[in-house]
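Student: Supplied in C-alpha cells, the structure appears directly below.
The values are calculated or read from the model by the stated rules, or taken from the named source; none is laboratory data. These numbers were taken from a predicted model, which means no experiment stands behind them. Neighbour counts are summed over all protein chains in view; Cβ atoms, including those assigned to glycine, are modelled from backbone coordinates with ideal geometry.
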Amino acid sequence: MENLLQTTSLARRASWLVTLRWAAIGALVVAATVSRRFMHIDLASRHLYVLSGFLGVYNAALYGLLRWLTRDSREPSSAAIGRVVTFQICGDLVILTMILHFSGGIENPFAFFFVFHMIIVSILRSRRQSYFQAGLASALFGSLVWLECCGFIHHYPLQGFAGHGLYANGVFVLGTLFVFGVTLFLVVFMTTSIAEQLRAHQEELEKANRQLQEKDTIKNEYVLRVTHDVKGHLAAIQSCIDTVHEGLLGPLSEGQKDMIGRAHRRTSQALAFVADLLKLTHAKLAGEPGISCFSLREMIAKALAAAKSRAEGKGIRVSVDVAPSVEIVCGEQVLIEETILNLLFNAVKYTPQGGRVELAVQDQGTQVLVQVRDNGMGIPEDEMDKIFQEFYRATNARAAERDGTGLGLSFAKQVVERHGGCIAVRNNPEGGCTFSFTLPKRTPRP
Amino acid sequence: MASARILIVDDDPDITEAMRVVLDHRGYQVDSAADSTMAMERIKAKRPDLIILDVMMTTPQEGFVLSRELKRDPATKMIPILMLTAVKDKTGIDFRPEAGDESWLPVEAFLDKPVKPDVLVQKVEALLRKT
C-alpha cells in the first residue's frame, strides 16, 4: 500500500507534521514552566529547555528540507517525501524518549503520547513501516525505563507528582511496559486497517470517476457526430426551402407562402439548436485550450455593437462601463467572445420594449468581473440553480419567447469554468437580473 | 457581371441545386461538380469566374486541398474562391477571413452552411466585383 497517497497530499501532511511540532515545542516549554512554577513539580527544567531548543533547530531544518523538495511547486518523488516522513517520526520518537527521561521516565503519564505517533505513521505510511515504528517506540521507551530501573542511567523523578521509587519497581515496570507495547501495536493494527480500507475506497472512487469521464467523452463525441450529420441535412432542407420561400421558383399562393414560412421558421429554429449543441459539445470536448492574449476592451466594443443592432429594433438602451485599467486578458478568445455575446443577446431577448441593458467590467486584480444587467423579466427564484443546466429554460422565458435552445447558458458556464472563473446570476431588487462571471486575466494551463 | 460563370463544388446535391436556383435566378451561368476530380475537369474545360467550394467532401479536407492546388496553378490562381465551411462544427474553430493564413488556406471568403440566398448573392457579387 506504500505510496498510495498522492505525493502532493503526502507533502502537505509532512508540512503539517512540522507545524504540529512547532506547537509541541511551545507546549513543552509552557508545560515545563507551569509544572515547576505553579504546580511545584520538581523537573529537570534546564534539560527540557535545552531539548526544546534542539527540537526547534531540528524542526527548522525539516521545514527547510521540505521547502527544498517542493521548490518551484515541482512534484517531489513520493519516495523522497515518504523518507522525510519516516525520518520525522523516528526523530520524534527519540526526542519524546529523551523528554520523558528528563521528566520522570515511566512515572510520566505523557509516555502515552507515543500513541499519537503511531496513529500518524499508520495513516501516512505502510503497514510494515507502522509496525516498525511501534517496535522502535517500544524499544526506546523499554530501554529507557529498563536502564533507569537497573540504575544504569540517572532517573529524574517528578517530585511532587508521582510516588517516588515506582521506576525501580520491577513488577510495575514490566506491567506498564507490557500494556504500553500492546497499546502501541493495537493502535497500529486498528489504524492501518481503517486507513487501508479508506485508501482502497478512495482508489475505487477515483477509478469510477475516471470511467465516468471517459464515458462522458464518448457520449459527447457521439453527440457531436450525430449533431453534425443532422446539421448537414437541415442545412440542405433550409437551402431548398429558401429558394421557394424567396419566390425564386415562381410566385406562391397565400396558403403555400404560409406553410413554407412555417417550415422555414421551424428549420431555422432546429438549425439554431443544432449550432448551440455543437458549440457546447465542442467546449466540453476541447482538450488543451488555445490560449491567446487579446484586448478585452476591444472585444467588449465589438460584442456591444452586435448587441446594439439587435436592441435597436426593440428600443432597448444598451450601455457599457469598462474600468479604465481593464485591457489585456489571456484565454480562448472565440469562446469568451461567444459567452459575452450570449449573455448580451439573452438580456436583449428577455427585456421588453424600451428596456435597459448594461454591461460592466471591473478590474479585480488577478481577474476581471463581467456583469450583464437588464431590467427584463428576471428569473423565478426557484429556478435560479437550474438555468445553467443543459436544455433548461426558465418557465417565464419559455412563455415569453418560443425560440431558445436552453443551451446558451450551459455553454457560458462551460467556457467560464474552463478558464477557472465562475458564473452566477441574481435578480435585481428593481426587476430584471444580473449575470456576472469572473475571468482570470491569465488562464492557468491545465 | 451578371453572366459570370460560377462553379459549385459540393457533394450534397440538394445544397448544390438550391444554390444553382438562387444564382440562376440572378442570371449567372452555374455549373457544378461533386468532387475535386470532377471540379478540375470542369475548370480545365471552361474556366469559371468564381468557385464556390465545400470544405468537406469525400475526405474532410478535400476542399482545402483543392483550393491550395488551384492557387498554385498560374492558370487558375486568379479565380476567387468562396469556401462553404462547416469546419466550425467539426473543430470548434471559428474561421474568419482575417484569420486565414494565405498559404495554408488561400481562399477569398468563407460562409457557413446553410447560406441565406441574399447573403450568397451579396458575397458572390462582391467577389466578382473585385476581379
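Student: Filter the stretch B:5-15 for residues that are under 16 Å from B:Val121 (Cβ atoms) and either within 7 Å of chain A (Cβ to nearest Cβ) or in a helix (DSSP H, G or I) (or both) and give the result.
Tutor: Residues of the stretch B:5-15 that are under 16 Å from B:Val121 (Cβ atoms), as a first pass: B:5-6, B:8, B:15.
B:Ile15, the sole residue that qualifies.
Student: A further question on this structure: Can you tell me which of (1) more than 9 Å from chain B (Cβ to nearest Cβ); (2) modelled with pLDDT under 90; (3) part of a helix (DSSP H, G or I) is the one A:His228 doesn't meet?
Tutor: Unmet condition: (1).
Student: Inside the stretch B:22-96, counting only helices (runs of 4 or more DSSP H) that do not spill past its ends, which hold 2 or more residues that are modelled with pLDDT of 90 or more and away from chain A (no Cβ under 14 Å)?
Tutor: The helices (runs of 4 or more DSSP H) meeting that bar are B:36-45.
Student: Continuing with the same structure: Applying the selection to the stretch A:242-286, what residues are within 11 Å of chain B (Cβ to nearest Cβ) and more than 20 Å from A:Thr405 (Cβ to Cβ)?
Tutor: Result: A:Asp242, A:Thr243, A:Val244, A:His245, A:Glu246, A:Gly247, A:Leu248, A:Leu249, A:Gly250.
Student: I would also like to ask the following. In this structure, does A:Leu205 turn out to be more than 14 Å from every other protein chain (Cβ to nearest Cβ), touching a strand residue (DSSP E or B) at 6+ places or on another chain (Cβ under 6 Å) and not charged (D, E, K, R)?
Tutor: Spelling it out, it is not the case that A:Leu205 is more than 14 Å from every other protein chain (Cβ to nearest Cβ), touching a strand residue (DSSP E or B) at 6+ places or on another chain (Cβ under 6 Å) and not charged (D, E, K, R).
Student: When only residues in the stretch A:311-326 that are crowded, with 16+ Cβ neighbours inside 10 Å and over 15 Å from A:Gln371 (Cβ atoms) count, which is farthest from the other protein chains (Cβ to nearest Cβ)?
Tutor: A:Ile316
Student: Assuming A:Thr217 fulfils every condition listed in (1) without any contact (Cβ under 8 Å) to a residue 12 or more places away in the chain; (2) surrounded by 12 or more Cβ atoms within 10 Å (Cβ to Cβ); (3) under 26 Å from the mean Cα position of the chain (by Cα) apart from one, which condition is it?
Tutor: So A:Thr217 meets the others, but not (1).
Student: Sticking with this one: Before we move on, is A:Val187 at pLDDT 90 or above and surrounded by fewer than 12 Cβ atoms within 10 Å (Cβ to Cβ)?
Tutor: no
Student: Now, a different point. Scan the stretch A:346-361 and report the pairs whose first residue is in contact (Cβ under 8 Å) with a residue 60 or more places away in the chain and whose second residue is assigned to a helix (DSSP H, G or I), with Cβ atoms within less than 8 Å and a gap of 6+ or a chain change.
Tutor: That search, which allows pairs on different chains as well, returns A:Asn346/A:Gly408; A:Asn346/A:Leu409; A:Ala347/A:Ala307; A:Val361/A:Leu296; A:Val361/A:Ile300.
Student: Which one is farthest from the chain's Cα centre (by Cα) among residues in the stretch A:235-264 that are under 23 Å from B:Leu84 (Cα atoms) and hydroxyl-bearing (Ser, Thr, Tyr)?
Tutor: Going through the qualifying residues, I end up with A:Thr243.
Student: Filter the stretch A:159-184 down to residues that are aromatic (Phe, Trp, Tyr) and exposed (fewer than 15 other Cβ atoms within 10 Å of the Cβ), then give me how many there are.
Tutor: We begin by selecting, within the stretch A:159-184, every residue aromatic (Phe, Trp, Tyr); these are A:161, A:167, A:172, A:178, A:180.
Now restrict to residues that are exposed (fewer than 15 other Cβ atoms within 10 Å of the Cβ): A:178.
The qualifying residues number 1.
Student: Are there any pairs, at least 6 apart or on different chains, whose C-beta atoms fall under 8 Å, with the first in the stretch A:108-135 and over 27 Å from A:Ala44 (Cα atoms) and the second among the aromatic types (Phe, Trp, Tyr), and if so, which?
Tutor: A:Tyr131/A:Phe185; A:Ala134/A:Phe185
Student: Just to be sure before I move on: is A:Glu196 more than 28 Å from B:Leu84 (Cβ to Cβ), of a type outside the set (Gly, Ala, Ser) and outside any loop (DSSP other than H, G, I, E, B) in the structure I sent?
Tutor: Against the criterion (more than 28 Å from B:Leu84 (Cβ to Cβ), of a type outside the set (Gly, Ala, Ser) and outside any loop (DSSP other than H, G, I, E, B)), A:Glu196 qualifies.
Student: Can you find, within the stretch A:109-141, the residue that is farthest from A:Thr176 (Cα to Cα) among those that are surrounded by fewer than 16 Cβ atoms within 10 Å (Cβ to Cβ) and of a type outside the set (A, V, I, L, M)?
Tutor: A:Arg128
Student: If A:Ser143 satisfies every condition in (1) closer than 22 Å to A:Ser45 by Cα; (2) at pLDDT 90 or above; (3) polar (S, T, N, Q) but one, which is the exception?
Tutor: Going through the list (1) closer than 22 Å to A:Ser45 by Cα; (2) at pLDDT 90 or above; (3) polar (S, T, N, Q), A:Ser143 breaks only (1).
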